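Below you'll find the structure, written out as C-alpha cells, and then a few comments.
The values are calculated or read from the model by the stated rules, or taken from the named source; none is laboratory data. Remember, it's a predicted structure, so these values are computed and weren't measured experimentally. Here the Cβ positions follow ideal geometry from the backbone for every residue, glycine too, while neighbour counts run over all protein chains shown.
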C-alpha cells in the first residue's frame, strides 16, 4: 500500500493518532498563514501515484476550509493517484436545507466545491444528516460512526446502572430519536427511551420543552450528535431533573463548544458530558467534559480502504 496521511492543522493530535493506527508516519507538509490572513500550503514530499489522505476538521474559523481547498488543488496538481478528504467534523452540515426564501443550502455548496476540486473520497463521522452524502455526485462518501467507541465506553461507565436497569436514554429532540434508539438497544435490554419535544424560535434558543417518557429515579443519558452552545443540553438536563431523574449525563460526537458553552455546562445539572476528539481538544474545556478518542477507528478505516476491505465491520462495538 502506497499512501500518505497529511494533517492540515485543524486537529494535529487526531491526525497523529490516525497515522499511528494505520502504521505510517504523518507526511511532511508546510502550512502557514500570511500576515493578511491568506493561507499557504506546500507538500514537502513526492505525491505522484500515491493515495493521499488530507485530515482536516472544518469547524470555524473559515481558514480550515480554505486550507483544505488549497491542499486538494496542490495534491491534484502533484499527480496524486487518489485524494481522500478525512473530515472528522463536517462544517456547515446543519445548513442542509432551505428553511427560508433566498438562503443557500450551505452543506451542498461545500460538497460541490470539494467535488469540483477533484476530491475522490470523503471520510467523515456522524454527519448531522446522512442525506448530505447525496450532495456529492461523483465523490464517494464513507461514513463512520462514533457509536462503537461510545458504547464500549458507556458500558464501562454505567456498568452498575445497566445491571440494575437504572439507565434511560434521552433524545433531545424528535429528529434524534433514531440515533438515541440505536444507543438504547445496544446498551439496555429494555431499550428505555425518553424524548424531549422542543419548539425552536431562533437558532440556539429554545422556546418550550416537554418531556415524553418516564425518567423518575433513573440515570438519564442525553444522546446527541453535537454540543454547540450547550444551551439546549442544559435546559434539557434541568427538565429531566425536574421530572425526577436521579442524575443526568450527556454525550455528543462533536464538541463544537462555541460561545459560553463551558460556562453553561459548569452551571448545568449535567454531571458529565462525553465527546470525541473529532474537533481539536487543545483548548479550554469544562471539567465536566470527558474525551472519548476516535483516532483508532479512523486509522482502521484508512487501512481498510487501502486494502480493499469493507468499512461496515467498524460500525459495531466488539
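Brief remarks follow.
- Count of residues meeting criterion [surrounded by fewer than 17 Cβ atoms within 10 Å (Cβ to Cβ) and assigned to a loop (DSSP other than H, G, I, E, B)] in the stretch 121-147: 3
- Selection count where residues are touching a helix residue (DSSP H, G or I) at 6+ places or on another chain (Cβ under 6 Å) and modelled with pLDDT of 90 or more, scope the stretch 196-219: 4
- The set of residues in the stretch 54-77 that are in a loop (DSSP other than H, G, I, E, B) and surrounded by 20 or more Cβ atoms within 10 Å (Cβ to Cβ) comprises 56, 57, 58, 59.
- The residue of the stretch 260-286 that is surrounded by the fewest Cβ atoms within 10 Å (Cβ to Cβ), among those that are touching a residue at least 40 places away in the same chain (Cβ under 8 Å) and over 22 Å from residue 177 (Cα atoms), is 282.
- Where residue 70 falls short, out of the listed (1) in contact with a strand residue (DSSP E or B) (Cβ under 8 Å, 6 or more places away or on another chain); (2) closer than 17 Å to residue 141 by Cα; (3) without any contact (Cβ under 8 Å) to a residue 60 or more places away in the chain: (2)
- Test for residue 154: is it in the same structural domain as residue 183 (by TED's automatic domain parsing), over 15 Å from the mean Cα position of the chain (by Cα), crowded, with 17+ Cβ neighbours inside 10 Å and not in a loop (DSSP other than H, G, I, E, B): yes
- Index of the failed condition, residue 118 passing every other in (1) touching a strand residue (DSSP E or B) at 6+ places or on another chain (Cβ under 7 Å); (2) surrounded by 18 or more Cβ atoms within 10 Å (Cβ to Cβ); (3) in a loop (DSSP other than H, G, I, E, B): (2)
- Against the conditions (1) assigned by TED's automatic domain parsing to the domain that holds residue 252; (2) within 30 Å of residue 121 (Cβ to Cβ); (3) at pLDDT 95 or above, residue 141 satisfies every one except (1).
- Entry remark, the stretch 4-53: residues being within 22 Å of residue 299 (Cα to Cα) and either outside the structural domain of residue 78 (by TED's automatic domain parsing) or buried (at least 16 other Cβ atoms within 10 Å of the Cβ) (or both) number 26 in total.
- Selection count, the stretch 290-313, where residues are surrounded by 19 or more Cβ atoms within 10 Å (Cβ to Cβ) and in contact with a helix residue (DSSP H, G or I) (Cβ under 9 Å, 6 or more places away or on another chain): 7
- Just one residue in the set 180, 107 is part of a helix (DSSP H, G or I), surrounded by 19 or more Cβ atoms within 10 Å (Cβ to Cβ) and assigned by TED's automatic domain parsing to the domain that holds residue 198; that residue is 180.
- Helices (runs of 4 or more DSSP H) within the stretch 212-318 that include 1 or more residues more than 18 Å from the chain's Cα centre (by Cα) and not assigned by TED's automatic domain parsing to the domain that holds residue 172: 295-307
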